[in-house]
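Asker: Can you read through this structure? Questions will come right after.
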Amino acid sequence: YGGACRDLFDAFACSCGPAWEGPRCEIRADPCRSTPCVRGQCHARPDGRFECRCPPGFSGPRCRLPVLPQGCNLNSTCKDGAPCEGGPLGTNCSCQEGLAGLRCQSLDKPCEASPCLNGGTCRVASGIFECTCSAGFSGQFCEVVKTLPLPLPFPLLEVAVPAACACLLLLLLGLLSGILAARKRRQSEGTYSPSQQEVAGARLEMDSVLKVPPEERLI
């Protein structure tokens with residue numbers, strides 16, 4: 001397909017045209033491979049060339065030129081008496097609140113773009129949108145997540161305080177019982193006990209009666 005063949009001793013090489021590639025120039029080249037469009041999307045044409053489809057506000061073969069606003073004249077004036085102002089890129093209409101467009105010909109509806117996030121509700125007040133955020137979110141666009149305290153699995157004051165009082169009461173009762181037991185044990189040590197004295201005296205008398213004198217022993 002329009003390529004030039006070159007002899008390389010025992011082989012050959014094809015020099016392809018701008019729209020073809022491959023060992024024998026049999027494959028159509030992709031003109032969008034080099035991303036020629038500065039902005040917008042690149043589309044391959046049947047003739048092997050590319051075409052840039054520019055976004056709003058830009059023009060040119062590669063979408064690199066900004067579109068200048070139209071000047072105000074008798075044939076195209078600003079709607080609703082909006083003044084025409086000049087700027088570095090030309091002239092344009094300074095729209096009043098609630099209007100938009102190059103000639104202020106359309107109503108400004110900022111809520112149509114759905115600027116509120118996370119289920120927020122958009123409403124317009126004095127030409128400016130406001131977001132009413134759902135529970136758990138805040139910020140101009142409801143983009144901030146609120147940090148909520150974690151709920152306790154049970155009421156803390158209703159359970160923890162009585163439990164602490166019961167533990168303290170048990171501790172005091174145990175301490176008091178220990179003190180009384182130690183005092184009773186101390187009183188019973190080193191004192192005269194009549195019952196113990198009677199048992200010991202009876203045992204001595206019985207031993208003296210049963211004991212045989214040495215001179216009465218049989219030979």
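Asker: Can you confirm whether Pro83 is closer than 30 Å to Thr35 by Cβ, at pLDDT 70 or above and loosely packed, with under 14 Cβ neighbours inside 10 Å?
Answerer: No: the conditions fail for Pro83.
Asker: Next question. Can you name the strands (runs of 3 or more DSSP E) wholly within segment 89-207 that have at least 1 residues being at pLDDT below 75 and among the aliphatic types (A, V, I, L, M)?
Answerer: Counting at least 1 such residues, we get 121-125, 128-132.
The values are calculated or read from the model by the stated rules, or taken from the named source; none is laboratory data. Everything numeric here is computed off the predicted structure, so don't read it as measured data. For neighbour counting, all protein chains shown are included, and Cβ atoms are generated from backbone atoms with ideal geometry for every residue, glycine included.
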